[in-house]
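What follows draws every value from the coordinates through simple rules; no lab data is involved. Given the structure is predicted, the values throughout are model-derived calculations rather than measurements. Virtual Cβ from ideal backbone geometry, glycine too; neighbours counted across all protein chains shown.
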Amino acid sequence: MATSQHEIARRRTFAIISHPDAGKTTLTEKLLLFGGAIQLAGTVKGRKSARHATSDWMELEKSRGISVTSSVMQFPYDGRIVNLLDTPGHEDFSEDTYRTLTAVDSALMVIDSAKGVEDRTIKLMEVCRLRDTPIMTFVNKLDREGREPLELLDEIERVLTIRCAPVTWPIGSGRRFKGVYHLIENSVHFYAPAHGGRVPEGKVIHGLDNPFLDEVLGEQAAELRQEIELMKGAAETFSREAYLAGTQTPVFFGSAINNFGVKELLDAFVVHAPGPRAREADARQVEPTEEKFSGFVFKIQANMDPKHRDRIAFLRITSGRYEKGMRLFQVRTQRDMQVMNALTFMANERERVEEAYAGDIIGLHNHGTIQIGDTFTEGEALKFGGIPYFAPELFRRVLLADPMRMKALQKGLDQLSEEGATQVFRPLSGNDLVLGAVGVLQFDVVAWRLKHEYGVECRYEAVDVATARWIEGDDAKVRDFRRQYEARLALDRAGHLVYLAPSTVNLNVTMERWPDIRFRATREH
Ligand code: G4P
């Protein structure tokens with residue numbers, strides 16, 4: 001038992017949130033490199049091709065390479081076991097990206113120093129807010145001309161409503177980029193562009209008053225001292241409590257591609273980031289250190305590997321320990337299953353797990369019996385919450401090539417939506433089927449799978465819906481609302497009422513008109 005406690009306490013399970021091109025893949029490579037998980041940075045490739053993903057799902061599957069198999073990357077660092085969960089970002093952005101964020105204990109936000117806070121980051125941050133997930137920030141690409149650091153922090157604070165506490169501070173940027181000053185350690189780390197994938201050993205000196213600083217930096221030394229003065233007056237100092245509460249984000253500056261500033265980030269991350277956190281279930285709160293195993297499924301991935309055409313259910317362990325051959329109780333179906341061959345994903349290889357602990361992710365082979373949101377225990381009838389459906393932002397009407405295949409289409413869509421590949425809405429009026437997604441590729445994947453797995457050919461048509469909200473309120477009010485908005489209402493797969501708004505302006509006006517109705521952007525599984 002003592003070893004379990006130790007194993008659990010040293011887990012760090014997190015995901016990276018960023019807008020495409022901010023440097024998530026590059027940073028991931030460098031983190032893996034520090035963890036010794038890969039020999040040379042650059043091994044986590046396939047991202048270039050992933051970006052050019054076409055609408056051909058087969059091509060996509062082939063080209064995705066690592067972005068599929070690296071769903072979870074585990075590596076040791078400084079006595080800890082780090083689990084990095086991939087959040088699909090480019091064309092493969094999907095609801096999985098959101099759901100993955102419900103399975104982590106903290107997140108790392110990457111910001112491009114020239115672009116500042118971008119759309120996708122704002123959305124992902126909203127998802128983190130649902131559970132007050134602690135966030136560390138890495139401002140990337142300091143080797144390029146970017147915006148003033150103070151201005152960037154101000155933007156993060158304003159747009160993301162989280163306070164910033166710089167831990168490192170950049171010395172110049174672009175061609176004048178010389179390194180970072182570490183506020184907590186009171187040391188200066190000099191920058192040397194790194195080529196190839198080696199871990200650079202930059203020079204470090206202590207103290208801002210150190211005369212060596214003037215020797216190396218010349219006039220930039222005085223500028224740095226002045227800027228640090230100014231910044232200390234303007235920004236908060238790091239507080240672990242505020243970070244853990246999700247109200248403050250410690251900020252690091254660097255250049256991922258040059259592997260600079262990354263070690264400072266990782267060193268602080270393993271020390272300060274939370275280990276596995278307690279999790280709410282319907283009956284009670286579950287502590288990670290409980291002896292008995294529990295966990296929940298947050299994602300199901302199909303066609304992981306062309307050689308094994310299986311589906312994998314990703315389970316986050318919330319308490320206890322998994323051991324090969326263990327019997328797990330699937331609470332929803334009330335069935336036991338013996339798990340001989342759970343998977344973990346080290347770098348780009350699948351490995352059999354012998355044991356795993358709270359904080360870890362295991363992959364269960366799924367033959368259609370496991371659903372997103374399922375809880376597994378050693379027998380207790382618990383149900384974890386917190387994996388919502390997210391209101392889609394993209395919508396398409398489904399048209400069948402052969403109307404006789406309606407039944408097969410419905411069955412296929414039912415199963416694919418159960419797996420989380422898309423959401424299906426049935427408008428109250430008419431016989432349409434409307435699909436909702438957050439990433440455009442989700443539609444292509446669904447069409448491809450309908451054809452190949454269910455023998456149904458379909459195509460899509462634009463539909464006049466911009467966003468959706470689940471409707472709640474007391475019965476009489478909902479009845480009134482339903483009468484008046486019949487044409488804009490639909491039922492989701494579980495029969496919940498959904499308002500399909502043609503625009504956000506329309507949504508806002510409708511919400512104002514109906515103060516007693518709740519318009520929810522998420523719904524629990
Ligand atoms: P993403 O996963 O967040 O989408 O970003 P990714 O790491 O793929 O990085 C996007 C682009 O930014 C890449 O260039 C990458 O090399 C570059 N980049 C990442 N970190 C830094 C940095 O610290 N400084 C500079 N100057 N560039 C950085 P690309 O040309 O699109 O791709 P590639 O040819 O380098 O693969």
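Side notes on the structure shown:
- Relative to the longest principal axis of the Cα atoms of the chain, the long axis of helix 219-234 lies at roughly 50 degrees.
- Angle in degrees between helix 441-454 and the longest Cα principal axis of the chain, rounded to the nearest 10: 40
- Extending 7 Å from Cα along the Cβ direction at Ala302 and again at Glu323 yields two label points whose distance is 3.7 nm.
- Phi angles across region 151-159 convert, under the Karplus curve 6.51 cos²θ - 1.76 cosθ + 1.60 with θ = phi - 60°, into 3J(HN,Hα) values of 5, 5, 4, 4, 5, 4, 5, 6, 6 Hz, Gly and Pro given as x.
- A cut-off under 14 angstrom between Cβ atoms defines the neighbours of Asp154, and their net charge, with Lys, Arg +1 and Asp, Glu -1, is -2.
- Calculated from backbone phi, Karplus (6.51, -1.76, 1.60) coupling profile of region 375-383 in Hz, x at Gly/Pro: 9, 10, 9, 9, x, 5, 8, 9, 9
- Cβ crowding within 10 Å averaged over residues, with 329-337, 12-20 ranked highest first: 12-20, 329-337
- Asp267 paired with Asp475, simple spin-label distance in nm, labels 7 Å along Cα-to-beta-carbon: 6.4
- Nearest-ten-degree value, helix 406-418 long axis tilted from longest Cα axis of the chain: 30
- Taking amide H as placed 1.01 Å from N in the peptide plane, the amide H of Gly89 sits under 5 Å from none that are at least 5 places away or on another chain.
- Simple spin-label estimate for Arg493 and Gln410 gives 1.6 nm between the two label positions (7 Å along the Cα-to-Cβ direction from each Cα).
- Long-range amide H partners of Ala358 with built H, under 5 Å: Gly320
- Using the Cβ of Ile517 as centre and a radius below 14 Å, the other residues enclosed give a net charge of +3, where K and R count +1 and D and E count -1.
- Relative contact order of the chain, defined on C-alpha pairs under 8 angstrom at six or more residues apart (%): 14
- Each residue of region 484-499 is assigned a 3J(HN,Hα), and the resulting list reads 6, 10, 2, 5, 10, 10, 8, 10, 7, 4, 8, x, 7, 7, 10, 8 Hz, derived from the Karplus form 6.51 cos²θ - 1.76 cosθ + 1.60 (θ = phi - 60°), x at Gly and Pro.
- Cut-off under 5 Å, modelled amide H: who pairs with Tyr77 long-range: Val82
- Subset of Lys24/Lys451; Lys24/Lys203; Lys115/Lys232 violating a 30 Å alpha-carbon distance limit: Lys24/Lys451
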